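Single-structure report; data block below.
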Amino acid sequence: MITTVTLNPALDKLYLINNFKPHKLHRLGDLIKVSTTPGGKGINVAVFLNRLGLDVSAMGFIGGHTGRILEEMVRDEKIISNFIFVENDTRIDSSIVDEKNSTLTEINESGPPIFKEDIDNFMERYERILDDSELIIISGSIPPNTPTDIYARLIDIANNRKIKTILNTARIPLEKGIEAGPTIVYPDMRSAYNLFDSKTETLEDYVSLAKLIHSKNKNIETVVFTNPLKNLYIASVEDRIYQISIENSKIVNLFGFGDALVGGLVYALTKEEPTTEILRTGIAAGFVNMRSIKKQIANIEDINEAKSKIKIAEI
């Protein structure tokens, strides 16, 4: 079973508003223009993998009415629910997609504060679920009041059990998590373009940073960087660096791109594909989502078709 950890999940509300402008009233008379889905990076990955036929469990903190709605949606997806209930409401994240002007505006709440008792309960359940887990995906932000080393702790526990982990987060939890040695590191660079005080402007910057990340812990096998707006995709696998490019990479919506990419990587890993095919499947999954207005496209036929557009070269 694949276990996803999403400590700060959300209900995602997506609004499709053409020619969106601030300081203006926008009436949404068409219900198709609004959608509500379970969210948070790890939960997005869980939905993706489950729709591709893998057994998935979702962990994290949820609370209040929105938390109950989120859990019901997760269960409707046939995903095993292993959430810890907390005192305050689960957050709501809102995204406004303007297809006419090709813009995405995101408004993300911070989430409920988490207390020591909540964390203790979570850690106890996490230890138990590892007995049935072959891979742990640790994704997204951490809630307020949560220790910034919590992802590092989760990785340490998994490493001691010889269970592989994927880390996809940002800022301090990312840096501390990297030190613990996840198997795959996919930094979330959407709003934090600086990591370990290193620049991320050019191809050479990303290559240098990937090598630096590898040097932090011998358990790290793969580092992936993506910047769809620059059509820049880099993967460092042990001592090899790959540059990946996408033909005709028109961007319709980046909402869920990284989560689909992680899902694609995991799907190919479970099939024991060679390294280049794992990378190709991951990028193709992200690409399929990037060219669609929908948040989640988990169709293996579409992903396989998109692979022909993915070029990988060792540099």
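The values are calculated or read from the model by the stated rules, or taken from the named source; none is laboratory data. This structure is a prediction, so every number in the text was calculated from the model and none was measured. Because the Cβ atoms are built from the backbone with ideal geometry, glycine has one as well, and the counts that use them run over all protein chains shown.
Residues in region 177-215 that are assigned to a helix (DSSP H, G or I) and either in contact (Cβ under 8 Å) with a residue 12 or more places away in the chain or under 21 Å from Asn108 (Cβ atoms) (or both): 13 in all.
Residues are listed down the side, and each one gets a yes or a no for (1) in contact with a strand residue (DSSP E or B) (Cβ under 9 Å, 6 or more places away or on another chain); (2) at pLDDT below 95; (3) buried (at least 20 other Cβ atoms within 10 Å of the Cβ); (4) closer than 11 Å to Phe48 by Cβ:
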site: Ala268; (1), (2), (3), (4): no, no, yes, no
site: Leu279; (1), (2), (3), (4): yes, no, yes, no
site: Val288; (1), (2), (3), (4): no, yes, yes, yes
site: Lys295; (1), (2), (3), (4): yes, yes, yes, yes
site: Ser308; (1), (2), (3), (4): no, yes, no, no
site: Ile315; (1), (2), (3), (4): yes, yes, no, no
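Exactly one residue among Asp156, Asp132, Asp120 is in contact (Cβ under 8 Å) with a residue 40 or more places away in the chain and surrounded by fewer than 21 Cβ atoms within 10 Å (Cβ to Cβ), and that residue is Asp132. For region 50-65, the condition holds for no residue, the condition being that it is among the charged types (D, E, K, R), crowded, with 21+ Cβ neighbours inside 10 Å and in contact (Cβ under 8 Å) with a residue 12 or more places away in the chain. Put simply, of Thr276, Thr226 the only residue that is in contact with a Gly (Cβ under 9 Å, 6 or more places away or on another chain) and of a type in the set (S, T, N, Q) is Thr226.
Scanning region 216-240 for residues that are aliphatic (A, V, I, L, M) and not in a strand (DSSP E or B) yields Ile220, Leu229.
For region 150-176, a tally of residues being of a type in the set (Lys, Arg), part of a loop (DSSP other than H, G, I, E, B) and within 21 Å of Thr226 (Cβ to Cβ) returns 0. Looking at region 116-136, can you tell me whether even one residue there is touching a His at 6+ places or on another chain (Cβ under 9 Å) and among the aliphatic types (A, V, I, L, M)? Within region 116-136, not a single residue is touching a His at 6+ places or on another chain (Cβ under 9 Å) and among the aliphatic types (A, V, I, L, M).
From Val237, Val266, Val224, Val262, which residue is in contact with an Asp or Glu (Cβ under 8 Å, 6 or more places away or on another chain), touching a residue at least 24 places away in the same chain (Cβ under 8 Å), hydrophobic (A, V, I, L, M, F, W, C) and under 24 Å from Asp156 (Cα atoms)? The unique qualifying residue is Val237. Only one of the numbered conditions (1) over 19 Å from Ala260 (Cβ atoms); (2) within 18 Å of the chain's Cα centre (by Cα); (3) not hydroxyl-bearing (Ser, Thr, Tyr) is not met by Asn50, and that is (1).
Comparison of Ile79, Ile96, Ile43 shows that the only residue that is at pLDDT below 95, among the β-branched types (Val, Ile, Thr) and in contact with a strand residue (DSSP E or B) (Cβ under 6 Å, 6 or more places away or on another chain) is Ile96. The single condition among (1) within 28 Å of Lys271 (Cα to Cα); (2) in contact with a Phe, Trp or Tyr (Cβ under 7 Å, 6 or more places away or on another chain) that Ser81 does not satisfy is (2). Restricted to strands (runs of 3 or more DSSP E) entirely inside region 1-116, those with at least 3 residues that are within 30 Å of Asp132 (Cα to Cα) are 2-6, 10-16, 34-39, 56-63, 80-86. In the condition set (1) within 24 Å of Ile251 (Cα to Cα); (2) at pLDDT below 95; (3) hydrophobic (A, V, I, L, M, F, W, C), Leu195 is compliant with all but (1). In summary, helices (runs of 4 or more DSSP H) completely within region 241-315 and bearing 1 or more residues that are of a type in the set (Ser, Thr, Tyr) occur at 257-270, 275-290. Residues in region 83-112 that are in contact with a Ser or Thr (Cβ under 8 Å, 6 or more places away or on another chain) and either crowded, with 19+ Cβ neighbours inside 10 Å or β-branched (Val, Ile, Thr) (or both): 10 in all.
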